[in-house]
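Q: Next up is a structure, given as structure tokens.
Since every read-out is calculated from the coordinates, none of them should be taken as a lab result. Bear in mind the structure is a predicted one, so any value in this text is a computation, not a measurement. Here the Cβ positions follow ideal geometry from the backbone for every residue, glycine too, while neighbour counts run over all protein chains shown.
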Amino acid sequence: MRSLIPILISLSRLAIAPFVIYLARDGKWPVVVLLIVYAFTSDYFDSFIAKKLGVQHNKIITKIDSICDGLFSLALVYSLYECHTLPLTLAIIMILFWWLLALWGMIFPIRNPLARIIFAILGTIRSLILISVYCLCIAKAFGLLVMIGTLVAAMIVFFFFLIAAMQETIAWFLGMPRKI
């Protein structure tokens, strides 16, 4: 029962994905950006709540969260393609890269230190791709200047997350206890 709360939060991202496509087709990009903010926020809170409830290592929760994230991102990429903002080739490459990385992470456990580092690098590339997709949505909604400011802010935040991920990977590689 406790694991139901994070699952419902993850599924809410999946539920708004069709609205993202519909609103983007209608040119309502400010609303699409609000839905992206909701998706970011809910992604953070479902992980936070899962940790607080002690169910963060539940395989079903992590798989559902990953699938919902992927489908929401797919809706964004498709919306940008539909609105002639993203070329088809680039959209297909982005979608394939996202799903291959997600499937690899779900199928193969990362026990080998080298595999963990490679997975971290690929995850970083995936995050950069997502930041670019979100910035394209912001540019459609508010213009280029706001998008540049958002991109700079996102890169600063991303840089701090990258440092934290590198510290965790090095600690894991050296066999040090993991921070929770």
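Q: Mind checking which lysines have their Cα closer than 27 Å to the Cα of Lys28? Skip sequence neighbours fewer than 8 apart in that chain.
A: The reachable lysines, counting only those whose Cα sits under 27 Å from Lys28, are Lys140.
Q: Here is a further query. Can you tell me the equivalent ellipsoid semi-axes for the range 4-173? Use √(5λ) from the Cα gyration tensor, largest first, whole Å. Mind dumping the intermediate values first?
A: Details: eigenvalues 145, 72, 51 Å².
Semi-axes (√(5λ), whole Å): 27, 19, 16.
Q: On a full-extension model of 0.36 nm per residue, what is the gain between Leu53 and Ser127, subtracting their alpha-carbon distance, rounded to one decimal in nm?
A: 24.0 nm
Q: While we're on this one: Starting from the Cα-Cα distance between Ala171 and Leu8, subtract it from 0.36 nm times their residue separation and give me the gain in nm to one decimal.
A: Here the answer is 55.4 nm.
Q: Give the peptides 67-78, 82-93 in descending order of average Cβ contacts within 10 Å, highest first.
A: Result, highest mean Cβ count within 10 Å first: 67-78, 82-93.
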